[in-house]
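What follows is one structure encoded as structure tokens, with my remarks underneath.
The values are calculated or read from the model by the stated rules, or taken from the named source; none is laboratory data. Here the structure is a predicted model, which means the values were calculated and not measured. Methodologically, a virtual Cβ is constructed for each residue, glycine included, from the backbone with ideal geometry; neighbour enumeration extends over all protein chains shown. Ligands, DNA and RNA are stripped out before the accessible areas are found, and what is left, the full protein with its side chains, is counted by its heavy atoms. Shrake-Rupley method; radii C 1.70, N 1.55, O 1.52, S 1.80 Å.
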Amino acid sequence: MLGFLARRLLQAVPLLLLISGLVFLLIHAAPGGPLAIYLSNPNVRPEDIERLRRALGLDRPLWQQYWSWLVAFAHGDWGYSFSDGRPVAIRIVERIPATLELVGVSIVTALALTVPTGVLAAVRRGGWFDRITTTGAIAGISLPAFWFGLVLQIVFAIGLHWLPSSGRTTPGWAGGSGGLADHAQHLLLPVTVLAVVQAAGWSRYLRGSMIETLAQPFVLAARARGIPGRDVILRHALRHAIGPVLAVVMVDAALLASGAVVTESVFAWPGLGSLFTEALARRDYSVLMALLMLTSTAIVLFNIVADAAHALVDPRVVEP
Amino acid sequence: MWRSPLGLRRLAILVAAVVLLGAAGACARRDSATPPSNDLLIVGYDREPDTLNRFSTHILEDIQTCIVEGLTTTDEQMRVVPLLATEVPTVQNGGVRLRSDGGMDVSWKLRPGVRWHDGRPFTSADIKFTVDAINGPSYNPESTDGFDRISSVETPDALTAVVHYKEIYAPYDIQFIRGTLPKHVLEGRDIDRARDYNRSPLGTGPYRVADWKAGEYILLERVPHYWRGDNYPRIRRLMFKFIANTNTRINQLKSGEVHVVALVPWDKKRELAGLPSIVVHRTPGNAYEHVTLNERQFPPFADVRVRTALILALDRELFTKTILDGLAPVAHGSVQPVSWAYTDRITRYPFDPSRARALLNEAGWHVGPNGIRQREGRPLAFTLITQAGYAIRENIAQAIERQLRDVGVDVRVALHDGTALSAIWFEGRFDAMLHWWQMPSDPELTTFFAADRTPPAGRNINYYKDDALTALLYAADRTVDRAQRTELLHRAQAMISDAVPEIPLYSVTRLDAVPASLQHFKGNPTNTGIFWNVHEWEIK
């Protein structure tokens, strides 16, 4: 097992290097740079642009910029943000709690929706529950998050006045935000969007996986041994069927952990996703690189974790 | 006993807990939608500032305006009025002296009794320090425009600063509109990295930063002894909430979670019309939407007959009545009615497609078999670029495409994101572009129309060349006398309107949504923004 992990981690290093090079090239290939935004101000003259370009080191050849970024990044120095001059690490770290909170609650909620829906739909395949959830899942997968989010805002914040439309807390009252209940209120709408969209996809995987499993001989054998139906499904079939679904959940979780870009933007959620949107619009190269590398690393690591988990369940995976 | 791998029961309990918490909270709802009061006014702001140092930022300075004050400011009619100066220096009042060597001296008299927020007096030494820092090698401000023409600053006494210019600089009166840097805080420091100042600047204005929560908000609180007297400002705290998404910002306004939204998009005006608690304030703006015609990239634009035909073929009145919902008037030139340099003695072009067709025929562009005009086998076809995700621009671009097609001109619309668009025009890699310039409050047209001001030296991206106009514009820049300068600028505007180097479409009107109960809101057409008189604001 340790050898397996070591091998996978070693393989990850050249992969991440390759990704960093590609990402660096891609974000520099997009037209406009961190200084493009200055151009619309008629008081910023060409001399100013040139001076700022030199100050930010953007006048050097691209490979030099990449190399100095890579060396610094490898030493844990993520550089300074091109837009506000603060250390990139600080800008990212201050956004992490908001994203973890939103994504954590969303994933838990999505799983809570996924498991019963997927299992029941598979067991009662073709029944009314299956049909309703299939329709619901298709709707959930097809809903654009930004649209769904805005509709929820219009209904629950503007129409009914039950919930705040967006943001993470209600700031400013008597010098502070409203505590746990206030937090939960702000979480409800964005979590609904993320959880519904994720659960729609995941429950489809689980349903498919369960149907396949339920048709296998060991399920029949379990039933033949007289094990009650409920135990056959939950203890035998679900355990077998959930493996591949967990792999998907892991990758989605890694993607979400680096920021639910659209949902965070629609709900003015101060997490990594809105930081990414902002950095992209301003071509804040150093923040973009750090965020994209975090995402890539998270995906690679979560994949390794998912494989390791799979290996624990099924020792054949470890063999080359 | 084997358990479900996810701890189904625990999951269910967690979810139930979150839902219950939310529900409990919902029942206890009280304050997400607190009405605006003199205790707290909440502004829905479209972005988080990069820095609060006014000389380092490249975005609008609304928040900074509440904290840091300039020697002058611009009022709701775009007039330059004194703020920390006792008056605006002019030749008439002796504040401006033209030297025989071609330079000029401007004497600023400072308002006595003004103190920085830390209690230290504001003096002429701060002005000298600001000029020296901006012109010095160690600080990287956004722009050194104007400052680089200053040779030195003299401070004969604490309340007088004499600024010596190497040459005549007409917009001298807004040189210190962004404020000054406090010498006692920043002297000898690396200003680019002075995080304390850049995140919470020391100013002389009515507010100071109380809290900046990254990604969420900046909270300002009133300073205890503002120089205008303890009655000001009337509102105790101002909060700027960062809500980048326009729909979300408008939703927060409707639900009462924010009270003020500056620069409401025109297509949102109708949504707000039915709200009794909100007033949408209209201010004639100093920007104008237009189509830039790049002569270098698309040579047919070099023919004045073609350019004139294009403007005649567009029903600009129809655009403003329909797409703009009557909120913005047609623009006929690059100087807008709000500016002191505006004149209506210029050539105006009506909607006249038959004259447009005749002009194109005269220029040798005849309708080909596919309905598109051509000359010497080449079609009159170009690409119009504009900003993506900006509904009004996308609609206007489509209308232009359609109306020009009616006179046989083939237009293809291409959309780009804002940052990409800036880079494209800077490099001159486009045929035509639909966009606006936010004009400076001083009507300096040189950078947009002088022959030698094509990028990178300026913003003449029509690549229009007219030596007589260029000479006239530079003469206006070197004239301080307001009457003479006005005359020169009127002549320049007339020349521009005859030559049609670009197609002006409409004058941009600012829409700002504020509470109906807010008193003394005046608005502002310039980049100074609506907060220039925030000390007077009051909820009644």
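Points worth noting:
- Among the residues of region A:211-230, the one identified as surrounded by 14 or more Cβ atoms within 10 Å (Cβ to Cβ), assigned to a helix (DSSP H, G or I) and within 13 Å of chain B (Cβ to nearest Cβ) is A:Ala222.
- Residue match in region A:24-39 (condition: closer than 21 Å to A:Ser274 by Cα and touching a Pro at 6+ places or on another chain (Cβ under 7 Å)): no
- When region B:371-421 is filtered for residues that are farther than 17 Å from B:Leu324 by Cβ, assigned to a helix (DSSP H, G or I) and open to solvent by less than 60 Å² (accessible area, probe 1.4 Å), the ones remaining, listed by number, are B:Leu404, B:Gly418, B:Thr419, B:Ala420, B:Leu421.
- When the test is whether a residue is out of contact with any Lys or Arg (no Cβ under 8 Å at 6 or more places or on another chain) and either open to solvent by 30 Å² or more (accessible area, probe 1.4 Å) or assigned to a loop (DSSP other than H, G, I, E, B) (or both), A:Ile154 passes it.
- Looking across B:Gly188, B:Gly179, B:Gly205, B:Gly146, one residue alone is away from chain A (no Cβ under 14 Å), on the phi > 0 side of the Ramachandran plot and open to solvent by less than 30 Å² (accessible area, probe 1.4 Å). It is B:Gly179.
- Applying the condition of being outside any loop (DSSP other than H, G, I, E, B) and open to solvent by less than 30 Å² (accessible area, probe 1.4 Å) to region A:47-68 and asking which residue is farthest from the other protein chains (Cβ to nearest Cβ) yields A:Gln65.
- Enumeration of residues in region B:117-142 that are assigned to a loop (DSSP other than H, G, I, E, B) and either without any contact (Cβ under 8 Å) to a residue 12 or more places away in the chain or β-branched (Val, Ile, Thr) (or both): B:Gly119, B:Thr123, B:Gly136, B:Pro137
- The set of residues in region B:152-171 that are open to solvent by 20 Å² or more (accessible area, probe 1.4 Å) and among the β-branched types (Val, Ile, Thr) comprises B:Thr155, B:Val162, B:Ile168.
- Taking region B:431-460 as the range and being under 17 Å from the mean Cα position of the chain (by Cα), facing chain A (nearest Cβ under 9 Å) and in a loop (DSSP other than H, G, I, E, B) as the test, the residues that pass are B:Met439, B:Pro440, B:Glu444, B:Arg459.
- One residue from A:Gly33, A:Gly3, A:Gly21, A:Gly79 being more than 25 Å from the chain's Cα centre (by Cα), more than 30 Å from B:Glu289 (Cα to Cα), of a type outside the set (Asp, Glu) and open to solvent by less than 50 Å² (accessible area, probe 1.4 Å): A:Gly3
- Among the residues of region B:497-532, those that are part of a helix (DSSP H, G or I) and either more than 23 Å from the chain's Cα centre (by Cα) or of a type in the set (Gly, Ala, Ser) (or both) comprise B:Ser497, B:Asp498, B:Ala499.
- Search result, residues across region A:117-130 that are open to solvent by 30 Å² or more (accessible area, probe 1.4 Å) and either farther than 12 Å from A:Ile233 by Cβ or hydrophobic (A, V, I, L, M, F, W, C) (or both): A:Thr117, A:Leu120, A:Val123, A:Arg125, A:Gly126, A:Trp128, A:Phe129
- Residues in region A:113-151 that are of a type in the set (A, V, I, L, M, F, W, C) and without any contact (Cβ under 8 Å) to a residue 40 or more places away in the chain: A:Leu120, A:Trp128, A:Phe129, A:Ile132, A:Trp147, A:Val151.
- Pair list, Cβ under 7 Å, 6 or more apart: region B:518-529 residue farther than 16 Å from B:Thr72 by Cβ, other residue basic (Lys, Arg): B:Gln519/B:Lys540; B:Gly523/B:Arg510
- Odd one out for A:Ala268, checked against (1) open to solvent by 20 Å² or more (accessible area, probe 1.4 Å); (2) at positive phi: (1)
- The condition of being in contact (Cβ under 8 Å) with a residue 24 or more places away in the chain and out of contact with any Ser or Thr (no Cβ under 6 Å at 6 or more places or on another chain) does not hold for B:Gly377.
- Out of A:Thr133, A:Thr114, sole residue that is open to solvent by less than 30 Å² (accessible area, probe 1.4 Å), in a helix (DSSP H, G or I), within 12 Å of chain B (Cβ to nearest Cβ) and over 30 Å from B:Arg249 (Cα atoms): A:Thr114
- Residue in region B:510-518 that is within 22 Å of B:Ser441 (Cβ to Cβ), touching an Asp or Glu at 6+ places or on another chain (Cβ under 9 Å) and open to solvent by 10 Å² or more (accessible area, probe 1.4 Å) present: no
- Count of residues meeting criterion [acidic (Asp, Glu) and either over 17 Å from B:Arg79 (Cα atoms) or modelled with pLDDT of 95 or more (or both)] in region B:162-183: 1
- Of the strands (runs of 3 or more DSSP E) lying entirely inside region B:209-311, the ones with 3 or more residues being more than 11 Å from chain A (Cβ to nearest Cβ), open to solvent by less than 40 Å² (accessible area, probe 1.4 Å) and at negative phi are found at B:278-293.
- Selection within region B:152-172 - part of a strand (DSSP E or B) and either closer than 19 Å to B:Arg120 by Cα or in contact with a helix residue (DSSP H, G or I) (Cβ under 9 Å, 6 or more places away or on another chain) (or both): B:Ser152, B:Val153, B:Glu154, B:Thr155, B:Pro156, B:Asp157, B:Thr160, B:Ala161, B:Val162, B:Val163, B:Tyr165
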